[in-house]
Amino acid sequence: MTGPTRRWLGVGVLVALVVGVALVSTQRVDRRLSGVFPPPSPDAVSSVGFSDFVGAEACAECHQDHYDRWATSTHGRAGGEPEPELIIAPFDGRPIVLADGRVIPRVTPEGEYQFVVRQSGHEERIFTVDGVIGGGHMVGGGTQGFVTRVPDGTVRFLAFDWSRHEAQWFCNTGTRAERGWVPITPDMTLADCGDWPPLRVLGTVERFADCQGCHGSQIITDQPPGQDYRSRYMSLRINCESCHGPGRDHVELAESGRLGFDRDLGIASLGTVTKDGSLDLCFQCHALKDVVREGHFPGDPLEQYYALKFPILGDDPFFPDFRVKTFAYQGTHLSSPCYLDGSMTCVSCHEPHSQAYQDEFGDPLIGRFDDGQCTSCHASKADPVEAHTFHAPESEGSRCVSCHMPYLQEPEVGPGVPYARSDHTIPLPRPGFDAGLGVESACIQCHEDQGPDALQAQAETWWGELKPHRPLVDALASTSPGGDREAAARRLLRPDLDDPLAQFAALSSFLLDHLGPDDPELEPAVAERLWGLVGSSDLDVGALALAALHWAQGHDPDTRRGLVEALTANEREGGVLRERWVLGLSFLGDEARAAGDTDRAFLAYEKALELVPEDGRVLGAMGAALNQSGDYEGARAYLLRSVATRPDHALSWVNLGIAHAALGDVAAATESYATAARRNPNEPLAFFNLGNLYLRQDALAEAALSYERAVELDWGLARGHYNLARVYIQQGRYAEALPKARRALEFEPTNQGAAQMLADLQRAVGNP
């Protein structure tokens with residue numbers, strides 16, 4: 001139901017086929033200056049754990065009024081265990097028909113909700129609904145999704161969602177067919193759905209695409225070494241402690257009669273929280289975030305676990321004015337004038353318990369379209385309202401939110417399923433500008449018969465020359481890649497402004513378009529602007545500016561001294577500045593690796609290692625890059641260091657095994673894959689690559705067992721099915737090979753070998 005979590009420092013495991021790979025020797029110059037950066041401080045250890053939470057019902061005894069308001073809110077009804085009162089989708093046995101099968105939503109006589117998948121050429125699969133996400137509450141498009149607990153211990157999203165507005169089943173085709181959210185129709189296949197097989201998990205887990213901890217309360221998924229994953233949560237509703245933090249101490253003080261005897265309430269007071277502190281409570285879920293570290297619980301400082309602006313780096317989630325392109329998160333509030341020039345937080349309009357609407361003074365409003373949300377600050381606009389709106393006072397055109405917070409359907413979602421969300425950048429209506437971006441402007445939502453030019457002319461007739469965009473919004477909208485670097489710096493690097501979201505986006509654009517590694521010709525004027533951004537009070541902006549300087553001039557002694565001074569002076573508790581700096585450099589490495597530029601990737605990771613010399617993630621990424629390039633000796637050296645620092649990280653052991661295998665050390669490769677399987681018995685790539693080893697040795701029985709385990713753990717692993725089918729064919733097990741060939745082609749339709757294999761098998765076993 002949400003956009004995917006983006007991660008950097010992906011391990012990048014190679015799923016090597018059973019063919020030889022030539023070794024490539026890569027010569028590099030060691031550019032490190034030893035003894036420069038101070039060593040990392042120990043990671044801050046969270047004082048909050050799962051056992052510190054007590055659940056919403058524990059709050060009700062003393063706070064019944066707040067509890068009652070919460071229980072009827074969309075947070076209080078956000079999800080839960082499957083039951084008739086919660087489920088709005090029809091589990092009535094009527095099939096969802098697809099081109100390659102049928103999915104039957106049903107309720108068993110015992111009251112268990114299920115999806116029965118009957119796919120052509122495969123055995124029937126039954127998925128139990130263990131949790132419900134959403135209740136179709138949202139006015140612009142309400143939906144409901146479902147999760148199931150799988151054998152590895154994770155709780156995963158199923159592929160079949162329900163649209164309340166359209167009263168139909170739909171799926172998200174992202175990562176597969178890339179058509180956004182579409183109604184499920186008979187011309188679609190199951191594999192068109194991005195969550196087939198179930199992939200996304202509840203909780204923040206490096207190994208998986210996930211939705212972090214947003215679709216429930218106190219969601220945590222971890223894995224004790226050598227065991228299954230543990231996915232736990234207090235509730236699939238959004239409970240009191242999601243905002244207030246852990247309540248166990250508070251409850252114990254109350255129950256013991258000690259509450260109020262001193263200043264310790266056992267829980268954080270939100271009455272005096274700062275503007276940004278208030279927003280952080282909501283941005284735990286209502287903002288795009290990149291993971292800095294796993295294990296966040298409400299009550300932990302958000303900045304130690306997530307970076308809110310880093311999703312912009314190398315991605316395109318927003319339009320130049322920060323309206324949402326990808327998915328309906330409300331973090332664009334940070335680009336609204338009411339935040340930048342005022343004190344607006346989420347609770348300026350939303351009563352936090354009932355989620356009803358209120359004005360700036362906390363007085364209740366009739367509903368979401370009540371002008372009091374705006375006129376409690378902008379009183380002059382209401383006296384009389386038509387003097388400002390030029391529409392009849394009671395018409396929709398005179399409602400503040402109609403023009404300044406219109407409902408928009410994000411392009412990534414697509415037009416197939418209603419999911420419009422109110423625009424939290426709170427923009428001015430700009431019909432001409434909006435049309436240029438491909439955004440449906442507030443004006444044209446009502447005046448469909450008029451073009452953007454006519455609407456723009458009318459707006460200027462009524463309101464005169466429209467307020468200019470903020471300087472960086474204008475720069476982002478009008479600056480093209482390339483061109484003169486100093487001129488681009490003057491437009492995009494603006495340390496003189498107080499506009500952090502735009503500053504980060506502009507700096508990101510400049511870094512990717514204009515800065516290369518160790519540039520001897522970086523203009524002093526450009527460096528000066530980068531240093532100005534280092535001084536930003538915003539953690540993300542300052543960290544990315546440091547990464548940019550490190551990337552472009554890390555070889556320069558004067559720059560290096562400045563970087564060291566900046567790190568020493570600004571290192572914050574838990575290393576949050578350093579970690580973001582490393583994120584920026586690691587992104588550059590990942591980007592270069594994806595482009596096949598191993599030398600550039602190596603340099604970026606090397607610079608990151610100057611900051612975190614024995615960081616297993618960076619060492620693993622370096623090893624994966626060298627594996628990819630064919631420098632297996634170099635890869636092995638880095639991967640040995642990586643597993644020494646992260647001995648329980650199975651994928652690093654898999655990559656180490658790949659390096660060993662390529663160097664001809666079969667015994668070491670076998671032990672590495674076996675270690676990966678011991679560390680994580682649910683890691684499919686450990687068994688897949690072990691199968692590859694056995695297949696190279698013509699040990700068909702052992703290869704078959706390994707591949708069988710790999711596709712059991714991940715039956716979307718196309719190459720696992722393909723290689724298993726090859727083994728079965730060599731063993732004469734043609735009937736068993738047939739469904740594996742189908743799966744291989746289902747999840748990798750461009751695999752011509754699988755297509756030919758399937759055709760041959762169908763002829764061999766008489767199966768059309």
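Listing for the model above:
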read-out	value
Restricting the range 342-366 to residues that are hydrophobic (A, V, I, L, M, F, W, C) and open to solvent by 40 Å² or more (accessible area, probe 1.4 Å), the residue that is farthest from Asp276 (Cα to Cα)	Ile366
Set Glu465, Glu440, Glu448, Glu486: member being out of contact with any Cys (no Cβ under 6 Å at 6 or more places or on another chain), among the acidic types (Asp, Glu) and assigned to a helix (DSSP H, G or I)	Glu486
Selection from the range 195-248 of residues that are at pLDDT 95 or above, under 15 Å from Arg156 (Cα atoms) and open to solvent by 50 Å² or more (accessible area, probe 1.4 Å)	Asp228, Arg230, Arg232
Odd one out for Leu758, checked against (1) of a type outside the set (D, E, K, R); (2) under 20 Å from Phe208 (Cβ atoms); (3) open to solvent by less than 30 Å² (accessible area, probe 1.4 Å); (4) free of Cβ contacts under 8 Å to residues at least 60 places away in the same chain	(2)
Residue match in the range 585-606 (condition: outside any helix (DSSP H, G or I), of a type outside the set (Ser, Thr, Tyr) and in contact (Cβ under 8 Å) with a residue 60 or more places away in the chain)	no
Whichever residue in the range 97-115 is outside any loop (DSSP other than H, G, I, E, B), among the β-branched types (Val, Ile, Thr) and more than 29 Å from the chain's Cα centre (by Cα) and, among such residues, is surrounded by the fewest Cβ atoms within 10 Å (Cβ to Cβ)	Val97
Residue in the range 117-161 that is least open to solvent (accessible area, probe 1.4 Å), counting only those that are more than 24 Å from the chain's Cα centre (by Cα) and of a type in the set (S, T, N, Q)	Gln119
Cβ-Cβ under 9 Å pairs, at least 6 apart or on other chains, the range 109-123 side under 18 Å from Ala744 (Cα atoms), far side at pLDDT below 95 and of a type outside the set (Phe, Trp, Tyr)	Gly121/Asn767
Any chance Ala661 is among the aliphatic types (A, V, I, L, M), in contact (Cβ under 8 Å) with a residue 60 or more places away in the chain and open to solvent by less than 30 Å² (accessible area, probe 1.4 Å)	yes
Any chance Ala78 is on the phi < 0 side of the Ramachandran plot and modelled with pLDDT of 75 or more	yes
Residue within the range 452-461 that is assigned to a helix (DSSP H, G or I), on the phi < 0 side of the Ramachandran plot and either in contact with a Lys or Arg (Cβ under 7 Å, 6 or more places away or on another chain) or touching a residue at least 40 places away in the same chain (Cβ under 8 Å) (or both) present	no
Residues of the range 485-537 satisfying the condition of being acidic (Asp, Glu), within 30 Å of the chain's Cα centre (by Cα) and open to solvent by 30 Å² or more (accessible area, probe 1.4 Å)	Asp498, Asp513
Residue in the range 664-701 that is most open to solvent (accessible area, probe 1.4 Å), counting only those that are assigned to a loop (DSSP other than H, G, I, E, B) and touching a residue at least 24 places away in the same chain (Cβ under 8 Å)	Gln697
Any hit, the range 73-95, residues being more than 20 Å from Glu166 (Cα to Cα), open to solvent by 60 Å² or more (accessible area, probe 1.4 Å), touching a residue at least 12 places away in the same chain (Cβ under 8 Å) and touching a Ser or Thr at 6+ places or on another chain (Cβ under 6 Å)	no
Test: residue in the range 727-738 that is over 22 Å from Glu702 (Cβ atoms), of a type in the set (S, T, N, Q) and surrounded by fewer than 22 Cβ atoms within 10 Å (Cβ to Cβ)	no
Answer from Val526, Val541, Val473 - the residue that is farther than 23 Å from Arg323 by Cβ and β-branched (Val, Ile, Thr)	Val526
The range 469-484, subset of a type outside the set (Lys, Arg) and closer than 17 Å to His404 by Cβ, residue farthest from the chain's Cα centre (by Cα)	His469
Qualifying residue in the range 557-566 (condition: buried (at least 18 other Cβ atoms within 10 Å of the Cβ), assigned to a helix (DSSP H, G or I) and free of Cβ contacts under 8 Å to residues at least 60 places away in the same chain)	yes
Count of the range 567-605 residues which are open to solvent by 50 Å² or more (accessible area, probe 1.4 Å), at pLDDT 95 or above and under 23 Å from Tyr306 (Cα atoms)	1
Selection from the range 333-392 of residues that are touching a residue at least 40 places away in the same chain (Cβ under 8 Å), in a helix (DSSP H, G or I) and of a type in the set (Val, Ile, Thr)	Val347
Candidates Phe318, Phe310, Phe369, Phe327 - the one that is open to solvent by 20 Å² or more (accessible area, probe 1.4 Å) and under 21 Å from the mean Cα position of the chain (by Cα)	Phe318
Residues of the range 255-305 that turn out to be surrounded by fewer than 18 Cβ atoms within 10 Å (Cβ to Cβ), among the small types (Gly, Ala, Ser) and in a helix (DSSP H, G or I), as a count	2
Qualifying residue in the range 508-520 (condition: under 24 Å from Asp290 (Cα atoms), hydroxyl-bearing (Ser, Thr, Tyr) and part of a helix (DSSP H, G or I))	yes
Residue list for the range 393-428, restricted to those being part of a loop (DSSP other than H, G, I, E, B) and either closer than 19 Å to Gln456 by Cα or open to solvent by 50 Å² or more (accessible area, probe 1.4 Å) (or both)	Pro393, Glu394, Arg399, Met405, Pro406, Gln409, Pro411, Glu412, Pro415, Ile426, Pro427, Leu428
Residues (hydrophobic (A, V, I, L, M, F, W, C), within 29 Å of the chain's Cα centre (by Cα) and under 23 Å from Leu603 (Cβ atoms)) located in the range 645-665	Leu656, Ile658
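Residue-wise test of (1) farther than 16 Å from Trp715 by Cα; (2) free of Cβ contacts under 8 Å to residues at least 12 places away in the same chain; (3) in contact with a Leu (Cβ under 9 Å, 6 or more places away or on another chain); (4) of a type in the set (S, T, N, Q).
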residue	(1), (2), (3), (4)
Gly140	yes, no, yes, no
Thr154	no, no, yes, yes
Leu158	no, no, no, no
Asp161	yes, no, no, no
Arg179	yes, no, no, no
Ile184	yes, no, yes, no
Met188	yes, no, yes, no
Arg200	no, no, no, no
Glu206	yes, no, yes, no
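The values are calculated or read from the model by the stated rules, or taken from the named source; none is laboratory data. No experiment lies behind these values; they were computed from the predicted model shown. With ideal geometry, Cβ positions are generated from the backbone for all residues, glycine too; neighbour counts draw on all protein chains shown. When the accessible area is computed, the model is the full protein with side chains, heavy atoms only, and any ligands, DNA or RNA have been set aside. Shrake-Rupley method; radii C 1.70, N 1.55, O 1.52, S 1.80 Å.
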